[in-house]
1. Within segment 198-221, restricting attention to residues that are of a type in the set (A, V, I, L, M) and more than 16 Å from the chain's Cα centre (by Cα), which residue is farthest from A116 (Cα to Cα)?
2. What do you reckon, is A203 in a helix (DSSP H, G or I) and crowded, with 24+ Cβ neighbours inside 10 Å?
3. If I filter segment 58-82 down to residues being open to solvent by less than 10 Å² (accessible area, probe 1.4 Å) and of a type outside the set (G, A, S), which single residue comes out as farthest from Y225 (Cα to Cα)?
4. Do we find a residue being part of a helix (DSSP H, G or I), within 18 Å of N66 (Cα to Cα), in contact with a Ser or Thr (Cβ under 6 Å, 6 or more places away or on another chain) and at pLDDT 95 or above anywhere in segment 123-138?
5. Every residue in segment 17-40 that is under 17 Å from V187 (Cα atoms) and open to solvent by 50 Å² or more (accessible area, probe 1.4 Å), please.
6. Do you know which residues across segment 140-169 are under 20 Å from A30 (Cβ atoms) and either open to solvent by 20 Å² or more (accessible area, probe 1.4 Å) or in contact with a strand residue (DSSP E or B) (Cβ under 6 Å, 6 or more places away or on another chain) (or both)?
Amino acid sequence: MDSMTKRLGAEFFGTFWLVLGGCGSAVLAAAFPNVGIGLLGVALAFGLTVLTMAFAIGHISGCHLNPAVSFGLWAGGRFSTKDLIPYIIIQVLGAIAAGGVLFVIASGKEGFSVTANFASNGYGEHSPGGYSLIACLVCEVVMTAMFLIVIMGATDKRAPQGFAPIAIGLCLTLIHLISIPVTNTSVNPARSTGVAIFVGGWAVSQLWLFWAAPIAGGIIGALVYRLLGSEKK
């Protein structure tokens, strides 16, 4: 098995775990009677998926798990152009596979409705808190930009070594703590796509925002870090 195949395989399973663990916690456990984990638990679950996979596959693929991260690292000079599209395709496939597994599990409970409770991202009437399109756009751009600043800073060779997965996982947790009420938190087009295609309808029609905003935010964050973190010659 060549190096690229191994890297793509790692990205597939890493993104699969992110969507299954993060969205799975929201769909299956967030409001479970009496002992539901709530928004705090869902936020922590998303952070833990990235933290665990960063340790597990970071040395294989870089553990992007997210097209916005791949675009950001490319813009920041940390990722090659030729690998960008293959990474994005495999991340989306991993997310869809996880969405399928989650759908099979969740639909095993009587009364399950995929259109009402499948961790999809939305704006306007489909925002958990009823936030407007502009509010959701700004939120996704800013949150993803901050995510990339943390990722690039934590993985900088000048940063303390070995702690990057912790910083990145906690950053994603914090992002969810802030923005679940706004958009249900995307900051990841693959994560959004992986569940939206099973919901269909409104979730697919609003999916454009959760591609455009995170990718724009990722590129902005990477360029900001590239400017601030550049070493003097």
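The values are calculated or read from the model by the stated rules, or taken from the named source; none is laboratory data. All figures in this text were calculated on a predicted structure; none of them were measured in a lab. When we count neighbours, we look across all protein chains shown, and the Cβ atoms used for this are built from the backbone with ideal geometry, even at glycine. The protein model used for the area step is the full one, side chains on, heavy atoms only, and it has no ligands, DNA or RNA in it. Shrake-Rupley method; radii C 1.70, N 1.55, O 1.52, S 1.80 Å.
1. Quick first cut of segment 198-221, residues of a type in the set (A, V, I, L, M) only: 199, 203-204, 207, 209, 212-213, 215-216, 219-220.
In the following step, the residues that additionally are more than 16 Å from the chain's Cα centre (by Cα) were identified as 199, 203-204, 220.
On the way: V199: 8, A203: 11, V204: 14, I220: 33 Å.
Per the stated criteria, the residue is I220.
2. Details: in a helix (DSSP H, G or I): yes; crowded, with 24+ Cβ neighbours inside 10 Å: no.
No, not satisfied.
3. L65
4. no
5. If the condition is that a residue be under 17 Å from V187 (Cα atoms) and open to solvent by 50 Å² or more (accessible area, probe 1.4 Å), then W17, L39 are the ones that fit.
6. Taking segment 140-169 as the starting set, the residues that turn out to be under 20 Å from A30 (Cβ atoms) are 143, 169.
Residue satisfying the conditions is M143 alone.
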